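To keep things clear, I will list the structure first and then write my remarks on it.
The values are calculated or read from the model by the stated rules, or taken from the named source; none is laboratory data. All values derive from a computational prediction rather than experimental measurement. In this analysis, Cβ positions are derived from the backbone assuming ideal geometry, glycine residues included, and neighbour counts consider all displayed protein chains.
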Amino acid sequence: MIDIVDAATRSRMMSGIRGRNTKPEVLIRSLLHRRGFRFRLDARDLPGRPDIVLPRYRAVIFVHGCFWHGHDCHLFKWPQTRPDFWREKIGRNRANDAKAQTALLDGGWRVATVWECALRGANRDIDGVLQRLIDWLHGDAPLHEERA
């Protein structure tokens, strides 16, 4: 597929993509907040800079986009243009995610990952995702993952 914009325009467009306050992240935050949970956002002092930190529960939540983190689901497709670049980039993202998760677990934190596909599409069950997250927070399991 040929790009319809020049390189400078594409660069400007791509630089506008940010990793904070995404729709899935805002959704999870608002649902947790409505249920009385209080948290910190984008903790720079923790490995991997978790999206949501709940110090009272010694827990962190990552809300991952399926494309950027290479999730094996219906929302992820390898780009046809510059495949080597994207395989390397997404591979690095996956490695960084695993490294951050290990560092957090070693530091005594509990880690949950909510994938974008759990919150989008025909298979979504937002109430179920929220309830399972709350159950995990009140439990003692070190890891939790929500996916479609």
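Does the range 114-125 contain at least one residue that is in a strand (DSSP E or B) and either of a type in the set (Val, Ile, Thr) or free of Cβ contacts under 8 Å to residues at least 60 places away in the same chain (or both)? Can you show your working first?
Start the filter on the range 114-125 by keeping residues that are in a strand (DSSP E or B), which leaves 114-115.
This time we only want the ones that are either of a type in the set (Val, Ile, Thr) or free of Cβ contacts under 8 Å to residues at least 60 places away in the same chain (or both), so: 114-115.
Yes, the range 114-125 contains a residue that is in a strand (DSSP E or B) and either of a type in the set (Val, Ile, Thr) or free of Cβ contacts under 8 Å to residues at least 60 places away in the same chain (or both).
Any residue in the range 12-28 that is within 11 Å of Ile52 (Cβ to Cβ) sitting within a Cβ distance under 7 Å of a residue that is at pLDDT 70 or above and loosely packed, with under 10 Cβ neighbours inside 10 Å? List the pairs, counting only those 6 or more apart or interchain.
none
Which numbered condition in (1) under 16 Å from Val111 (Cβ atoms); (2) more than 15 Å from the chain's Cα centre (by Cα); (3) of a type in the set (Asp, Glu) is the only one that Asp42 fails?
(2)
Going by what's in this entry, would Leu137 be described as aliphatic (A, V, I, L, M) and surrounded by fewer than 18 Cβ atoms within 10 Å (Cβ to Cβ)?
Here the answer is no, as Leu137 does not meet what is asked.
Taking the range 1-43 as the region of interest, how many residues are at pLDDT 90 or above and charged (D, E, K, R)?
7
Can we say Arg110 is among the basic types (Lys, Arg), surrounded by 11 or more Cβ atoms within 10 Å (Cβ to Cβ), within 20 Å of Arg58 (Cβ to Cβ) and in contact (Cβ under 8 Å) with a residue 24 or more places away in the chain? Show your work before the answer.
Values: among the basic types (Lys, Arg): yes; surrounded by 11 or more Cβ atoms within 10 Å (Cβ to Cβ): yes; within 20 Å of Arg58 (Cβ to Cβ): yes; in contact (Cβ under 8 Å) with a residue 24 or more places away in the chain: yes.
Spelling it out, Arg110 is indeed among the basic types (Lys, Arg), surrounded by 11 or more Cβ atoms within 10 Å (Cβ to Cβ), within 20 Å of Arg58 (Cβ to Cβ) and in contact (Cβ under 8 Å) with a residue 24 or more places away in the chain.
Report whether or not Leu105 is touching a residue at least 12 places away in the same chain (Cβ under 8 Å), part of a helix (DSSP H, G or I), under 18 Å from Arg49 (Cα atoms) and over 16 Å from the mean Cα position of the chain (by Cα). Spell out the reasoning first.
Numbers: touching a residue at least 12 places away in the same chain (Cβ under 8 Å): yes; part of a helix (DSSP H, G or I): yes; under 18 Å from Arg49 (Cα atoms): yes; over 16 Å from the mean Cα position of the chain (by Cα): yes.
Answer is yes for this residue.
In the range 67-89, how many residues are on the phi > 0 side of the Ramachandran plot, within 14 Å of the chain's Cα centre (by Cα) and loosely packed, with under 15 Cβ neighbours inside 10 Å? So that I can check it myself, show each step before the final result.
Pass one, the range 67-89, residues on the phi > 0 side of the Ramachandran plot: 70, 82.
Right, trim to within 14 Å of the chain's Cα centre (by Cα) and you get 70.
Retained after the next criterion (residues that are loosely packed, with under 15 Cβ neighbours inside 10 Å): none.
Number of matching residues: 0.
I need the full set of residues from the range 38-66 which are surrounded by 18 or more Cβ atoms within 10 Å (Cβ to Cβ) and either part of a loop (DSSP other than H, G, I, E, B) or without any contact (Cβ under 8 Å) to a residue 24 or more places away in the chain (or both), in order please.
Phe39, Pro47, Gly48, Pro50, Asp51, Val53, Gly65, Cys66
In the range 113-134, which residue that is among the small types (Gly, Ala, Ser) and surrounded by fewer than 20 Cβ atoms within 10 Å (Cβ to Cβ) is modelled with the highest pLDDT? Talk me through it step by step, then tell me what you get.
Keep residues of the range 113-134 that are among the small types (Gly, Ala, Ser), which gives 118, 121-122, 128.
After this cut, where a residue has to be surrounded by fewer than 20 Cβ atoms within 10 Å (Cβ to Cβ) as well, the list is 121-122, 128.
Details: Gly121: 79, Ala122: 77, Gly128: 96.
The residue in question is Gly128.
Take the conditions of a type in the set (S, T, N, Q), in a helix (DSSP H, G or I) and surrounded by fewer than 20 Cβ atoms within 10 Å (Cβ to Cβ) and apply them to Asn96. Does it pass? Working first, answer last.
Details: of a type in the set (S, T, N, Q): yes; in a helix (DSSP H, G or I): yes; surrounded by fewer than 20 Cβ atoms within 10 Å (Cβ to Cβ): yes.
Spelling it out, Asn96 is indeed of a type in the set (S, T, N, Q), in a helix (DSSP H, G or I) and surrounded by fewer than 20 Cβ atoms within 10 Å (Cβ to Cβ).
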